[in-house]
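The values are calculated or read from the model by the stated rules, or taken from the named source; none is laboratory data. For clarity, every value in this text was computed on a predicted model and none was experimentally measured. Reconstructed Cβ throughout: ideal geometry from the backbone, glycine too, with neighbour counts over all protein chains shown. Surface areas here come from the heavy atoms of the whole protein model, side chains and all, with no ligands, DNA or RNA. Shrake-Rupley method; radii C 1.70, N 1.55, O 1.52, S 1.80 Å.
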Amino acid sequence: MKIVVSGGGTGGHIYPALALIRMIKMKHPDTSFLYIGTEMGLESKLVVREGISFKSINITGFRRAVSFENVKTIMRFLKGVNECKKMLKEFQPDVVIGTGGYVCGPVVYAAAKMGIPSIVHEQNSVPGLTNKFLSKYVDKIAVCFEEAKAYFPAQKTVLTGNPRASEVIEASGNGVLEKYGFQSGRKTVLIFGGSRGARPINDAVTDALKDLANRQYQVLYVTGDVHYERVADMLKTAGKPDNVAVEPFIHNMPDVLAACDLVVARAGATTLAELTALGIPSILIPSPYVTNNHQEKNARSLTDRGAAVLLPEKDLTGQLLIKELDAVLMNELRLSKMKEESKHLGIHDAADRLYTVMAELTEKGGRSS
Ligand SMILES: CC(=O)N[C@H]1[C@@H](OP(=O)(O)OP(=O)(O)OC[C@H]2O[C@@H](n3ccc(=O)[nH]c3=O)[C@H](O)[C@@H]2O)O[C@H](CO)[C@@H](O)[C@@H]1O
């Protein structure tokens, strides 16, 4: 099979695409891929790193407020559709899948208009603008939360889960912690703010550093690439406790996650799919800056079931963070209950389910009834 994949901007849209590609390459080695993204998005780094054939188009996202920029975006969209049609004509894919982010707009729209079977994969509980637009044209919409079904036409929507879940369950945490100078057997918490880091989380952690020094647990703290220098400078003067390791970005996140007892994070959908696949308890600080406050809705699907604790950003301070960390990590019973609830929510065979949707579509030659 020949597959075009598109998804971009942030890790939350790219890692599910990469996980799907890796799984298909392993189980169906005769499949070939073309990934279409933008040069500006994280995908130009992450996809090329994987040795996947990558082409780019120039496209920007819509602004919700009325703006002249939106006129330019429409022009770029139309130009992008033409460029994509050429790429698709040349590559001749059997199916095209978009995993979110505005780059998918022209790619998946062009495919649908050319009669090539097309799918969008929506990771969030509330869909983004691009996927809502594309849902009118595609053959199938794959979702990760039951709640998301309500936003799409029922006859073409299917619950598959997030392929990243299938990938992380294969991971092994063996020997990972030692690389950060940590002791195995000691409780470990991972703190990160989504794929790009989050300044309010960084501020709270740096504020808490001094008090973290006398805790029984160890902390792997990921700042996000763009915030690293500022944090590292601060640490030069303030000092860093021995039980805390600081990194700009983690490239082997599945292995790291598998070694951790608790995660503090934003509530991006792909992060949540990873946590529930591995059954990891979490303290979630949803970003209030996202469309329709969708991260809080993502988070609620875990906190309502006792798999996670919600910590609103407006309340976040170093002191409160430590208080919540202590409350979970120092209570074995609570930790194991959260673990159990988290595991219940994971969809482990997401990548297979998504592949089945693709295979069925190509067998049918496209249009679903
Ligand atoms: C600000 C914004 O619009 N965020 C959106 C974006 O978030 P974002 O890109 O942060 O997405 P997620 O939290 O869903 O996923 C982050 C991904 O990056 C990985 N990771 C993170 C840090 C690191 O050092 N290494 C690493 O590999 C995580 O393991 C995960 O696979 O896409 C998500 C999925 O559509 C949405 O739910 C989020 O609301």
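Of all residues in segment 130-145, those that are assigned to a helix (DSSP H, G or I) and open to solvent by less than 10 Å² (accessible area, probe 1.4 Å) total 2.
In segment 280-289, the qualifying residues are those that are without any contact (Cβ under 8 Å) to a residue 40 or more places away in the chain and open to solvent by less than 40 Å² (accessible area, probe 1.4 Å), and the one that is nearest to the ligand (Cβ to nearest atom) is Pro286. Scanning segment 2-17 for residues that are touching a strand residue (DSSP E or B) at 6+ places or on another chain (Cβ under 7 Å) and open to solvent by 10 Å² or more (accessible area, probe 1.4 Å) yields a total of 1. Remark: Ala327 falls outside the filter, which requires a residue to be open to solvent by less than 10 Å² (accessible area, probe 1.4 Å) and modelled with pLDDT of 95 or more.
Selection of segment 188-235 for residues being hydroxyl-bearing (Ser, Thr, Tyr), in a helix (DSSP H, G or I) and touching a helix residue (DSSP H, G or I) at 6+ places or on another chain (Cβ under 9 Å) yields only Thr206. Residues of segment 141-185 that are among the polar types (S, T, N, Q) and more than 30 Å from Glu247 (Cβ to Cβ): Gln155, Thr157, Thr160.
Check segment 303-322 and report whether any residue there is at pLDDT 95 or above and closer than 21 Å to Glu167 by Cα. Yes, segment 303-322 contains a residue that is at pLDDT 95 or above and closer than 21 Å to Glu167 by Cα. Of all residues in segment 24-42, those satisfying the criterion of being out of contact with any Phe, Trp or Tyr (no Cβ under 7 Å at 6 or more places or on another chain) and either under 24 Å from Val81 (Cα atoms) or in a helix (DSSP H, G or I) (or both) are Lys25, Met26, Lys27, Ser32, Phe33, Ile36, Thr38, Glu39, Met40, Gly41, Leu42.
Test Leu34 against the criterion of being at pLDDT 90 or above and within 16 Å of the ligand (Cβ to nearest atom), and give yes or no. Here the answer is no, as Leu34 does not meet what is asked.
Counting the residues of segment 82-129 that are in a helix (DSSP H, G or I), open to solvent by less than 40 Å² (accessible area, probe 1.4 Å) and not hydrophobic (A, V, I, L, M, F, W, C) gives 2. Just one residue in the set Ala238, Ala351 is surrounded by 21 or more Cβ atoms within 10 Å (Cβ to Cβ) and either more than 16 Å from the ligand (Cβ to nearest atom) or over 16 Å from Leu190 (Cβ atoms) (or both); that residue is Ala351. Of the residues making up segment 125-155, those that are under 21 Å from Tyr102 (Cα atoms) and of a type in the set (D, E, K, R) are Lys132, Lys136, Asp139, Lys140, Lys149. Checked against (1) in contact (Cβ under 8 Å) with a residue 60 or more places away in the chain; (2) open to solvent by less than 10 Å² (accessible area, probe 1.4 Å); (3) under 18 Å from the mean Cα position of the chain (by Cα), Ala148 passes all but a single condition, namely (1). Taken over segment 151-187, the criterion of being crowded, with 16+ Cβ neighbours inside 10 Å, outside any helix (DSSP H, G or I) and free of Cβ contacts under 8 Å to residues at least 60 places away in the same chain is satisfied by Phe152, Thr157.
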